[in-house]
There are 2 protein chains.
Amino acid sequence: MQDPAQAGDQAYMARALQLARRGLFSTHPNPRVGCVIVAAGGEIVGEGWHQRAGEPHAEVHALRQAGERARGATAYVTLEPCSHHGRTPPCAEALLKAGVGRVVAAMQDPNPLVAGRGLGLLRAAGIEVSSGVLEQEARELNVGFIRRMELGLPYVRVKLAMSLDGRTAMASGESQWITGAPARAAVQRLRARSSVVLSGADTVLCDNARLTVRADELEVDAEQAALAAARPPLRVLVDGQLRVPLSAAFFQAGPAWVACCDEDGRGEEYRAAGHELLRLPRGDGHVDLRHLLAELAAAGANEVLVEAGPRLAGAFAREGLVDEYRIFMAPQLLGSAARPLLDWPLERMSEAPQLTIRDIRAVGRDWQIIAVPA
Amino acid sequence: MQDPAQAGDQAYMARALQLARRGLFSTHPNPRVGCVIVAAGGEIVGEGWHQRAGEPHAEVHALRQAGERARGATAYVTLEPCSHHGRTPPCAEALLKAGVGRVVAAMQDPNPLVAGRGLGLLRAAGIEVSSGVLEQEARELNVGFIRRMELGLPYVRVKLAMSLDGRTAMASGESQWITGAPARAAVQRLRARSSVVLSGADTVLCDNARLTVRADELEVDAEQAALAAARPPLRVLVDGQLRVPLSAAFFQAGPAWVACCDEDGRGEEYRAAGHELLRLPRGDGHVDLRHLLAELAAAGANEVLVEAGPRLAGAFAREGLVDEYRIFMAPQLLGSAARPLLDWPLERMSEAPQLTIRDIRAVGRDWQIIAVPA
């Protein structure tokens with residue numbers, strides 16, 4: 001039997017997580033956070049979620065709604081309340097001032113500026129504090145933020161669309177519309193939640209890809225679509241030799257970052273067109289992808305979505321830089337002459353990378369597979 | 001709202017189907033059939049299922065158990081009762097003699113010797129007769145028997161074990177243990193339910209495959225294991241040029257059929273060793289697979305399991321002879337140099353065969369995908 005008090009804590013935290021998820025497309029570079037204030041009788045008297053960096057945190061919204069009823073109440077927050085003065089005053093202080101009697105957090109803040117200090121501050125003030133309720137769910141919601149705080153790298157998701165026989169395109173390159181509209185909408189939502197959408201010269205040149213978020217294709221409600229439209233992900237092109245011309249649809253769609261090996265004296269041209277050029281040579285004619293990820297994390301990138309062909313996606317895989325594969329599998333066979341999922345030649349079974357499949361689910365007539373390194 | 005009488009019919013038929021499934025491994029070449037006798041008050045007074053060809057049909061077992069209580073009762077049968085004298089007397093007559101008042105069948109018998117005559121005979125005798133209760137489920141249980149009766153061909157299932165990136169083995173051929181023990185047990189059960197397990201010379205030579213059913217690896221109860229052991233599937237080798245020596249483990253494991261293009265005067269050698277040789281040349285150095293399937297159906301094969309490498313499995317696929325793919329997908333990447341799922345080079349997306357994915361489910365750490373031509 002589960003302790004009823006514990007079950008209650010989980011139910012309120014589940015609601016706080018539900019609220020936090022509303023910030024999926026918009027809190028970047030901040031984490032997604034939700035807060036629920038529950039009065040002594042069990043009534044929810046305040047709810048809030050963080051919408052955008054620079055705007056009030058979840059706790060502030062919830063406390064405002066609760067007003068005087070916050071006194072003696074329990075505050076459920078999906079992330080430890082902050083203790084530092086950022087662009088907004090610390091939430092731990094706001095909770096103290098409001099007179100809440102108890103604070104339940106899903107997890108400690110991995111931000112080294114907080115890291116237990118928020119909860120410590122509350123505890124020192126005599127407030128009953130606990131942490132770890134639905135922690136796994138809370139960590140998943142901010143997997144990129146946590147990774148950036150803990151390792152200085154973003155969470156790298158590689159999106160691939162393949163046939164049942166593991167092929168991404170015909171040998172000729174023909175590949176449009178392997179997957180159906182619901183899968184494409186799912187990819188749009190993956191882009192919208194990411195801080196960065198990253199691609200390579202092959203994809204941008206061959207598919208004339210823009211890699212933008214199209215709010216009307218997200219298949220979410222109007223509020224979510226508006227939040228996504230207001231905070232588009234940064235588009236990053238890996239183009240070692242600067243093969244993609246500034247006239248390409250990718251560059252015409254708005255400012256982007258380009259990672260190259262050498263500027264070849266053309267840097268000014270790109271910068272004048274509003275783009276950022278990063279020179280990150282690895283010495284072998286390729287861009288140093290790990291360095292690029294570190295630069296992106298330093299710029300606040302939590303989640304990076306790699307949408308590239310077998311060469312670039314294969315390079316991320318070979319270098320051990322992939323945290324998650326999102327594979328959209330179409331119910332068709334492209335045959336043995338078609339292009340591989342990843343350019344990654346292996347000789348022996350002992351070299352074969354082992355994965356864990358986290359989730360498989362139908363997306364229209366296609367299937368989405370979530371796999372992570374085992 | 002569902003009609004309560006109809007819901008009752010479905011519940012009893014579901015029980016009859018459950019009984020029928022106990023014959024999954026043993027009724028070949030007969031269909032799997034279950035029967036439930038329900039007295040007027042709703043009590044089940046008799047249950048039976050067909051175990052083996054030549055032994056009593058499901059109805060006979062159920063009527064024996066019911067005895068006098070069959071009078072005025074309703075008989076639920078998963079297949080129309082037979083009307084012809086085969087190795088056992090017709091079941092329609094047995095039901096009449098027992099005095100049942102009503103007969104509910106899941107489906108008509110596709111056997112041209114029955115095809116409605118069983119139900120017609122009962123109706124003519126004044127018994128209330130209906131058909132079509134849980135018909136879809138009943139058809140699935142005997143998909144091979146129905147196909148053979150209707151088209152003179154067996155139901156062809158192609159089993160494949162692949163990595164997440166659609167590869168079956170390294171370029172060197174190294175491939176053992178791609179999938180885990182639960183997936184291998186599932187393959188054993190697929191073999192056990194099949195009338196025929198079919199493979200090619202490459203697989204038998206390279207993997208030293210025997211393609212036998214090993215009762216202790218089925219992971220079923222003792223009764224099912226004993227039934228499976230007593231009725232092993234016929235093993236068929238496609239070996240156009242008779243490359244596999246009689247000393248191979250495949251031949252040592254028991255009598256088999258070999259389909260070749262030319263006997264080369266060696267037929268007697270195979271026959272003397274207890275094997276059957278079929279000469280089925282197609283004129284291009286390959287065995288005529290469609291002809292082979294027709295021969296197998298003529299010999300009573302309901303379900304054929306193809307366990308072969310990319311070449312032979314690809315040939316079945318290219319010739320449109322595959323009714324179902326059973327793909328066991330292991331959570332690993334074998335890389336872009338590894339062997340394809342099927343040898344089937346295609347040039348244009350418009351040629352890509354479309355499939356429908358019927359089912360995806362976890363089997364240990366692997367996943368089983370059931371796909372059928374769309």
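Some observations on this one:
- Paramagnetic label zone (point 7 Å from Cα along Cα-to-C-beta, residue B:130; backbone N under 11 Å) in region B:94-123: B:103-105
- Simple spin-label estimate for residue A:206 and residue B:253 gives 4.1 nm between the two label positions (7 Å along the Cα-to-Cβ direction from each Cα).
- Think of each Lys and Arg Cβ as +1 and each Asp and Glu Cβ as -1; about the Cα centre, that makes the dipole of region B:50-118 roughly 140 debye.
- With label points defined 7 Å past Cα in the direction of Cβ, position residue A:266 shows copy-to-copy spacings of 6.2 nm, given to one decimal and shortest first.
- Within 10 Å of each Cβ in A:326-333, the average number of Cβ atoms from other chains: 6
- Distant-in-sequence amide H partners of residue A:116 (H built 1.01 Å from N, under 5 Å): A:109
- Cβ crowding within 10 Å averaged over residues, with B:276-284, A:16-24 ranked highest first: A:16-24, B:276-284
- Over region A:153-373, equivalent-ellipsoid semi-axes from the Cα gyration tensor in Å: 26, 22, 17
- Here the 3J(HN,Hα) profile of region B:39-49, calculated from phi with Karplus coefficients 6.51, -1.76 and 1.60 at θ = phi - 60°, is 6, 3, x, x, 7, 7, 10, x, 9, x, 8 Hz, Gly and Pro shown as x.
- Paramagnetic reach from residue B:40 (point 7 Å along Cα→Cβ, amide N under 20 Å) across region B:84-117: B:95-104
- Cα centroid separation, region A:14-50 to region B:208-254 (Å): 60
- Long-range amide H partners of residue A:200 with built H, under 5 Å: A:238, A:309
- Residue exposure proxy: B:325, A:76, ordered by other Cβ atoms within 10 angstrom of their Cβ from fewest to most, comes out as B:325, A:76.
- Other copies of residue B:252: label-to-label distances in nm, shortest first, labels 7 Å along the beta-carbon direction: 6.9
- For residue B:346, residues with placed amide H under 5 Å, excluding near neighbours: A:336, A:337, A:338
- Debye log10 I(q)/I(0) at q = 0.16, 0.23 Å⁻¹ for region B:11-83, Cα point scatterers: -0.47, -0.91
- Value of Rg/Rh across region B:2-49 [Cα atoms, Kirkwood radius]: 1.07
- The Cα center of region B:334-374 and the Cα center of region B:68-111 differ in position by 43 Å.
- Angle in degrees between helix B:4-21 and the longest Cα principal axis of chain B, rounded to the nearest 10: 50
- Charge dipole magnitude, Cβ of K and R +1, D and E -1 - region A:153-373, Cα centre, debye nearest 20: 380
- Three-way shape call for the protein assembly as shown based on the alpha-carbon gyration tensor, with the a/c threshold at 1.5: oblate
- Rg/Rh (Cα only; Kirkwood hydrodynamic radius) as it applies to region B:4-141: 0.92
- Tilt relative to chain A, helix A:289-298 - C-alpha long axis, 0 to 90 degrees, to 10: 30
- In order along region B:253-260, the phi-based Karplus estimate (6.51 cos²θ - 1.76 cosθ + 1.60, θ = phi - 60°) of 3J(HN,Hα) comes to 7, x, x, 9, 9, 10, 9, 9 Hz; Gly and Pro are listed as x.
- The value of relative contact order for region A:153-373, using C-alpha pairs under 8 Å at least six residues apart, is 33 percent.
- DSSP-assigned coil residues among trypsin sites (Lys or Arg not before Pro) in region B:39-121, each with at most 10 further Cβ atoms within 10 Å: B:87
- If the convex hull is drawn through the Cα atoms of chain A, its volume per residue in Å³: 164
- Listed by Cβ neighbour count within 10 Å, with the fewest neighbours leading, A:121, B:164 appear as A:121, B:164.
- Scanning chain B for the Cβ atom closest to the axis that brings B onto A yields residue and whole-Å distance B:166, 1.
- Hz values of 3J(HN,Hα) by residue in region B:25-33 - Karplus curve (6.51, -1.76, 1.60), Gly and Pro given as x: 9, 9, 7, 2, x, 6, x, 7, 9
- Think of it as helices only: each DSSP H run of n ≥ 4 in chain B is worth -39500 (n - 2.57), and spread over all residues that comes to -8500 deg cm²/dmol at 222 nm.
- Position residue A:8, label points 7 Å along Cα→Cβ, spacing to each other copy in nm (shortest first, one decimal): 4.9
Throughout, read-outs are computed from the coordinates displayed, never taken from laboratory work. On a predicted model such as this, the values are computed, not experimentally measured, just so you know. All Cβ positions, even for glycine, are placed from backbone atoms using ideal geometry, and neighbour counts span all protein chains on display.
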